[in-house]
1. Take Asp177 and tell me if it is touching an Asp or Glu at 6+ places or on another chain (Cβ under 9 Å), assigned by TED's automatic domain parsing to the domain that holds Val51 and either hydroxyl-bearing (Ser, Thr, Tyr) or under 22 Å from Ala99 (Cα atoms) (or both).
2. Do we find that Arg448 is under 25 Å from Val534 (Cα atoms) and assigned by TED's automatic domain parsing to the domain that holds Lys540 in this structure?
3. Answer yes or no: is there a residue in segment 507-518 that is in contact with a Cys (Cβ under 9 Å, 6 or more places away or on another chain), among the acidic types (Asp, Glu) and either within 22 Å of Glu594 (Cβ to Cβ) or not assigned by TED's automatic domain parsing to the domain that holds Glu624 (or both).
4. Do you know which residues across segment 541-564 are surrounded by fewer than 16 Cβ atoms within 10 Å (Cβ to Cβ) and more than 23 Å from Gln488 (Cβ to Cβ)?
5. Considering Asp177, Asp88, which residue is among the acidic types (Asp, Glu), part of a loop (DSSP other than H, G, I, E, B) and in contact (Cβ under 8 Å) with a residue 40 or more places away in the chain?
6. For segment 105-117, does any single residue satisfy the condition of being surrounded by 24 or more Cβ atoms within 10 Å (Cβ to Cβ), touching a helix residue (DSSP H, G or I) at 6+ places or on another chain (Cβ under 9 Å), closer than 23 Å to Ala264 by Cα and assigned by TED's automatic domain parsing to the domain that holds Gln201?
7. Give me the pairs, please: first residue somewhere in segment 336-361 and loosely packed, with under 11 Cβ neighbours inside 10 Å, second residue anywhere and assigned to a helix (DSSP H, G or I) and at pLDDT 95 or above, beta-carbon distance under 8 Å, and either six or more positions apart or on two chains.
8. Report whether or not Leu587 is part of a helix (DSSP H, G or I) and under 30 Å from Pro437 (Cβ atoms).
Amino acid sequence: MSDAVHYSKRGAVAVLEVDNPPVNALGHAVRQGLEDGLLAAQRDPEVQALVIACKGRTFIAGADIREFGKPAQPPHLPLLIQALEDSDKPIVAAIHGTALGGGLEVALACHVRVALASAKLGLPEVKLGLLPGAGGTQRLPRLIGARPALDMIVSGEPITAARAKELGLVDELVATDGDLLEAAVRAANAAAGKPPRRCSQLEEHVAAARADLTMFDERAQELNKSRRGYEAPQRCVDTVRAAVTLPFAEGIQVERKLFEQLRASDQSKAQRHVFFAEREVTKIPDLPADTPVLPIKSVAVIGAGTMGSGIAIACANAGLDVVLMDREQRFVDKGLASIEQTYAGNVKRGRMTEAQKAEHVARVKGVTSYEQLADVDLVIEAVFEEMPIKKEVFGALDKVCKKGAILATNTSTLDVNEIAASTSRPEDVIGLHFFSPANIMRLLEIVRGSRTSKTVIATSLQLAKKLNKIGVLVGVCHGFVGNRILYQYRRESLYLLEEGASVQQIDKALTDFGFAMGPFAMSDLAGLDIGWRVRKAQGKPEGERYSGTVPDRLCEQGHYGQKTGQGYYKYEPGSRAPRPYSELADLVEQVSSELGIDQRTISDEEIVERCIYPMINEGCRILEEGIALRASDIDMVYLNGYGFPGYRGGPMFYGELVGLDKVYATIACFHEQHGKVWEPSPLLARLAKSGKGFAGA
């Protein structure tokens, strides 16, 4: 027997207990142990039934991520699962914690499923660009019905044990404080001597679904909108359809074929990259694991506008007490009203009860005086993006906040070190850059100043987790990681506009690439006046072609985007649907003529390369400068804060998929055509010539 699976007997019941901490993943040792245990039980005439259970905090929670991308060693999971289901001696699954992915597929191969009431069950493979590949798409519809099975498989979200019992996925629930193993052994004794109930042989549910297959077409169409561009959800629909329309043996072949196709696809490679990158982002090389962390129970947010209110909601949602401050009571009242309205919307949509809304709203109080912030553990400043204002705020905080309080700025571009210098405690100052809407967007750029203490960094990383956000540690530079790269993207979209591509073509090329919105529709949504203010404050760059002429002209005419009904597009009153208008083309043509730019026909391929490749190039510069720790951290920023398509893996991973040598060659060509802004990063040049990826840099 494998050390990862313990074999014992309780009377006539053989117990196979998986012991592979921390999550009892289905690594080679577990698969081998289950196979050995099954064979031992089958050979033992005293054994009449089996139980598969797990030690520790969970049932089998999926595959062993250490084996991802490596050739699987036998016994292969699909064959092991088939052997479990084929057993003439009934097998009971004793489920606690989570039964996920291959773990649930093991449970589906068992003939009876007993679960603690606190357990959760799911098939999350779609989140890795895959589908359940060990019979899950074929057994689950036969057990609970095609529609609920498709819901579970396509969403990848786990369901509660109670819901699983309603669906027939679980046969018996055990109280959370009950003896699960005892209940499973009892169920095994009850099943002994009876023909095992095999999921693969159940026909009632699939026969009912076979009478009307329109559900599959409807779900495929819905996924074209909700999961636009993603391959795996569509293939999940195909495999569940196969479960309904084909015999089990043929359906399994369809599942295996589509699983292998997805596993070899760029999309799955990208989504698996994201899976690992999200786990890697919290690993900070110079931050010891035993770094002290400060307790954060109360937070002050300065600035009651859209961003400040969103930050307050995010903190209240995490159970923190929040003080919302602004300089005048009318601004505070407006912010509190916005918070109340957000929670009222959650109640209306069924996301919380009135009692929960009241509890969350009560956590936020409004003030207008710095003195009322004396006892908070953390202050997050969210005022106008102007250095003098921020330095004034931090000077005031330095005088009133208690010793050890963290002073954080929500600046999106400004120098955190300069802000910290306006206090007598720069070691307590850090950047916490939230993304709007702050209560929804998952990204939190954590900006480490030159004197920020490790305790403050560790506390901020823990806070990100508490707020259910992806905290990415970055260094100080103008725009940090996200906005510094975004400038490259926006600049090229405006250059392309002046050179002859239309707003509609550019937006479509980039939404076809996978963005939810193109750069011009996004600018209209955010408001063109925001960038206009920044450009006026910064002035035109020297020695670089100015990209802001067209948006400046629009703003001078009072066209700020959706808020004014016109920007790059026109908007009907009360509508967010963008509509083209001919005057813009005339304006662009006039600007191009003034600048001496000859307009031409531009391909969609060039649009994508011109907008995406400079992001990769700038990301390389950011890595060279140490602003980001890893290329995958840059990907995390763009996936969670800027809408980069998840199935592309982020700009840096996408560059590796394309081939860094090809990206470099194209950038070098654009450098010759368009000048200094396209100068290749030295890091990109080295990697292109060496054939290495970012991990080997």
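1. It is false that Asp177 is touching an Asp or Glu at 6+ places or on another chain (Cβ under 9 Å), assigned by TED's automatic domain parsing to the domain that holds Val51 and either hydroxyl-bearing (Ser, Thr, Tyr) or under 22 Å from Ala99 (Cα atoms) (or both).
2. In short, no.
3. Scanning segment 507-518, I find no residue that is in contact with a Cys (Cβ under 9 Å, 6 or more places away or on another chain), among the acidic types (Asp, Glu) and either within 22 Å of Glu594 (Cβ to Cβ) or not assigned by TED's automatic domain parsing to the domain that holds Glu624 (or both), so the answer is no.
4. Those that are surrounded by fewer than 16 Cβ atoms within 10 Å (Cβ to Cβ) and more than 23 Å from Gln488 (Cβ to Cβ): Glu556, Gln557, Gly558, Lys563.
5. Step by step, each of Asp177, Asp88 is checked, and only Asp88 is among the acidic types (Asp, Glu), part of a loop (DSSP other than H, G, I, E, B) and in contact (Cβ under 8 Å) with a residue 40 or more places away in the chain.
6. Just the residues of segment 105-117 that are surrounded by 24 or more Cβ atoms within 10 Å (Cβ to Cβ), to begin with: 105-111, 113-115.
Now narrow it down to the ones that are touching a helix residue (DSSP H, G or I) at 6+ places or on another chain (Cβ under 9 Å): 105-106, 108-111, 113-115.
Pick out the ones that are also closer than 23 Å to Ala264 by Cα and you get 105.
Next, only the ones that are assigned by TED's automatic domain parsing to the domain that holds Gln201 stay: 105.
Yes, that holds for at least one residue.
7. Partner pairs satisfying both residue conditions: Glu354/Val347.
8. Details: part of a helix (DSSP H, G or I): yes; under 30 Å from Pro437 (Cβ atoms): no.
No: the conditions fail for Leu587.
The values are calculated or read from the model by the stated rules, or taken from the named source; none is laboratory data. This is a predicted model, so every value here is computed, not measured. Cβ: placed from backbone, ideal geometry, glycine included. Neighbour counts: every protein chain shown.
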